[in-house]
1. May I ask you to list pairs of residues, at least six apart or on different chains, whose Cβ atoms are under 7 Å apart, with the first in the stretch 312-336 being within 9 Å of Leu354 (Cβ to Cβ) and modelled with pLDDT under 95 and the second being assigned to a helix (DSSP H, G or I) and open to solvent by 10 Å² or more (accessible area, probe 1.4 Å)?
2. Any residue in the stretch 230-251 that's in a loop (DSSP other than H, G, I, E, B): show its pairings with residues that are among the basic types (Lys, Arg) at Cβ separation under 8 Å, as long as the two are six or more apart or on different chains.
3. Determine which single condition Gly469 fails, assuming it passes every other condition in (1) over 30 Å from Leu130 (Cα atoms); (2) touching an Asp or Glu at 6+ places or on another chain (Cβ under 8 Å); (3) in a strand (DSSP E or B); (4) open to solvent by less than 60 Å² (accessible area, probe 1.4 Å).
4. Collect the residues in the stretch 494-526 that are farther than 19 Å from Ser142 by Cβ, open to solvent by less than 40 Å² (accessible area, probe 1.4 Å) and either modelled with pLDDT of 85 or more or of a type outside the set (A, V, I, L, M, F, W, C) (or both), keeping them in residue-number order.
5. How about the stretch 10-71: which strands (runs of 3 or more DSSP E) wholly inside it have at least 3 residues that are exposed (fewer than 10 other Cβ atoms within 10 Å of the Cβ)?
6. Starting from residues that are hydroxyl-bearing (Ser, Thr, Tyr) and more than 19 Å from the chain's Cα centre (by Cα), keep the ones in the stretch 608-653 and report whichever is farthest from Thr101 (Cα to Cα).
7. Among the listed residues Val631, Val620, Val587, which satisfies the condition of being open to solvent by 50 Å² or more (accessible area, probe 1.4 Å), in contact with a strand residue (DSSP E or B) (Cβ under 9 Å, 6 or more places away or on another chain), among the aliphatic types (A, V, I, L, M) and farther than 18 Å from Phe46 by Cα?
8. Identify the residue in the stretch 370-392 that is out of contact with any helix residue (DSSP H, G or I) (no Cβ under 8 Å at 6 or more places or on another chain) and surrounded by fewer than 17 Cβ atoms within 10 Å (Cβ to Cβ) and, among all such residues, is nearest to Thr260 (Cα to Cα).
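The values are calculated or read from the model by the stated rules, or taken from the named source; none is laboratory data. On a predicted model such as this, the values are computed, not experimentally measured, just so you know. Here Cβ is always computed from backbone atoms with ideal geometry, including for glycine, and neighbour counts include all displayed protein chains. These accessible areas exclude ligands, DNA and RNA; they are computed on the full protein's heavy atoms, side chains included. Shrake-Rupley method; radii C 1.70, N 1.55, O 1.52, S 1.80 Å.
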Amino acid sequence: VTLDVPEFSGELRLMAVAYKEKRYGSAQRAMKVADPVVINVGLPRFMSPNDAVIMPITAFNTTDKKASLSFSVETEGPITALQSRASLDVGPNQERVVSVTMRSTEQIGKAVVRVKTEAFGEKMESVTELPVRPISPYVTESISGVVLGGQSVQHDIKDVYLPYGRRAHLVVSPFPVANFAKQLKHLVGYPHGCIEQTTSKAFPQIYLRDIALMLDPSILEKGSPTYFVNEAITKIGAMQLADGNFSYWPEGGSANSWSTVYATHFLVEAKKAGYSVPEATLKSALNALAQIARSSATYDYVYSVQNRTSFKRIADKSVLYAIYVLAVAGQPQTNVMNFYRTAKGLLTTDTQYLLAAAFALSGDRKSYVDLMPTQFESEEAQRTTGLCYDSPIRANALILGVLLETDPLNPNIARYMEYLSRAYERISWYSTQDNAFTLLAFGKAARLSKAEKLAGSVTVGGRQYQYDGGTKKYDLGSSGESVSIQLRGEGRVYYSLVTEGIRKDGKVRIEDKNLRVRREFFDRNGAPVNLQGVKANSVVIVKLTLGSDVDALENVAISDLLPAGFEVENPRLTETSQYRFISKPDVPAYTDIRDDRINFYTNFGRGERLRTFFYVVRAVTRGGFRYPPIVAETMYDGNYYSASDVGSVRVVD
C-alpha cells in the first residue's frame, strides 16, 4: 500500500482493520517519518512592505554520516532573497543553522519561500507561505451626486493605489440608495465583533442580495447573504444571557438595552424572512424586551432644531424601540403604549413614530393617526457614543423605515429620503447604526418605488455605454481614467463612483482629535527598551496610554498592529501583573488578540479621562521591521480619533 504523506517529520501511527462477515481484527504500528536531513525554516507569520528578515535555515542530520548541504532559495510574490544560495556541513546526528536575509517588496499579497537541498541522493524542499500585510489600511473612497435631465457630470480617477486588490466601479440608479455603495462596503467589512456590530452587519443582509446587486456585487464574493445571516443568528444566540438579554461582547459580561432590542429585532425579521431562528432564543429575548418596555428609565436628551440647541428629560429610547419590536413580533404591550400616548412630553420625534407604528401594527389606526406628526420635522439628536448610539442620521433613517413599513403613501417619505440623501453629501463619517438603518430604509424604498424612464450615456475611459434607466454598474480600469455621465429627458439619477485599495503613499491619518493614544516599551524590570536593538527571544512589555478630552465616553476601540518580528504572548501564561513596576492597570471591557494585532475596547465613566493598558510581546524573528501606527477611535462618533507612533524596530542576536 502506498500512502501520500504531506511535508512532515515525526512519528505516525499506521492502522489496519480487517473484517469478514461477523469476524474482524485490527493492528497498529508506529512509523517514523523523516528525511535523511530535516529542514526547518524560520519566518514570521506575516510581513509588511520593505521589511528585512534574517531567515534561519536549520538542518538536522538524522543519519550517521556527514552531510554537505547546498541550499537554493526561491521566492514568489512580494518577497526576495538577498542571497539565493547557502551551504552548510552537518555532522552525524547533528543540528546546525545557516541564515539568509529576505526582504519584502513594496507590494502586498501572498509571498512564497522555497528552500531546496539534496543529501544522500534525496531531494528535500521546505515551502512557507506568508502574507505581506500593509501598514496602511485598505480604504474605500467615493464620490456621489445627482445628475438632472439635460445635465452632465465628469470626474477623473487618480492613480493612488497599489496594484494588488485595487478596484473601482460606477453605480448609476434612479434610487437614492445608489449613493450608499461605500457605506454598504464599510458596514459589511467593519472589523469589531460586539453584539451591535454583529447585528448591523447581518441585518441589511436579510435583503442584501437585492441591495448588493444594485450597488456592488463584489460584496457577495466571500459568501452568500444566507450564510452570513445564519452565522449571525448562531453568534447572537451564543451571546444571550440567562435573563434573555444579550451581552455586549462575546464570552459574557454586561448587556446594553438598545443592543438587546436591536438584536431581537433582527431575529424577528430573520424569522419572518424564512430563516431558522431557535424558538427558545427568540422567546427568551422577547421576554427581556417586555421587561425593557416596562422600564421607567429616563435621561437628559440634547438636540437642536433650526440650529438652536435644547435639552429635555425623555423616556429611554430603548423602551420605545422595545415597544415597537414587540408589536412587530405580535406581542403589543397595550398598557405601556397607552401610558406613553398620554405622556408625549417624554417622547422625541423618532420615538413618537415608533409608538405610532406600534399602535398601527396592533390594529389601532386611530391612535396611530393621532400620534403621527402631520409634517416633516428634522430634529437633530446629539450623537452619543453609548446608551442607544443616537445620531441625527440614525433617528431619521429609523423614522423613514417605520413610515415605509406602516404608511408607504405618507407624503413625508420623500422629505426624509431627501434629508438622508443631502446628509450623505455633507457628513463624511457614518456609524454602523447610521449605515444599517439608512440601508434598510433605502432598500425598502427601492423595492416599493417605480423608476422613471430616463436615457443617457456613460463614458468610462473612452468607452461609451448607453444608459436606458434602472440600476447599472460599470467597472472601471485601475487608474487615470475619466468618467462622465450625460442624461436626457426629465427626472434625475443618483450615482456613486467608488474606488478602493491600499494607497501607494502608505498614508495614515496621524492626528489627535479629542483622543490621545501613545505606546511605550519596557523590559521585565521596567527599564525603557530601545526598539533599534531588541534582543531576539526577549520579552517586551508594551504600555498603552489613552487620554480623552471629555469624560463619559463609551465604546472606544484601540487597534495596535504589531511589527513582523513580534508576537503577542499568551496572556493566560504571561500575566502582566507579575511585573512589579506595573501598578493598578486598567482592565479593558474586551480584548481581541490576533496574529498581527491586539485590540482593546474600553469606556470612560464620569470624571474619568485616562486609561492605561499593558500587554506582553516576544521578539521572535531577527531583522528590521516597520512598526505600524496605533489607532484609537470611538465606534459611534467620528469626532474622537487618535493615531500615532509610526516607527521601526530591529531585532538582533
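1. The qualifying pairs do not exist here.
2. From the stretch 230-251, the pairs are Pro250/Lys235.
3. Only one criterion is unmet by Gly469, namely (3).
4. Gly506, Leu515, Val517, Arg519, Phe521, Phe522, Gly526
5. Filter on the stretch 10-71 gives 10-20, 23-33.
6. Thr612
7. Values: Val631 fails: open to solvent by 50 Å² or more (accessible area, probe 1.4 Å); Val620 fails: farther than 18 Å from Phe46 by Cα.
Residue meeting the stated conditions: Val587.
8. As a first pass, look at the stretch 370-392 and keep what is out of contact with any helix residue (DSSP H, G or I) (no Cβ under 8 Å at 6 or more places or on another chain): 374, 382, 384-386.
Subset that is surrounded by fewer than 17 Cβ atoms within 10 Å (Cβ to Cβ): 374, 382.
On the way: Thr374: 31, Gln382: 22 Å.
The extreme case among them is Gln382.
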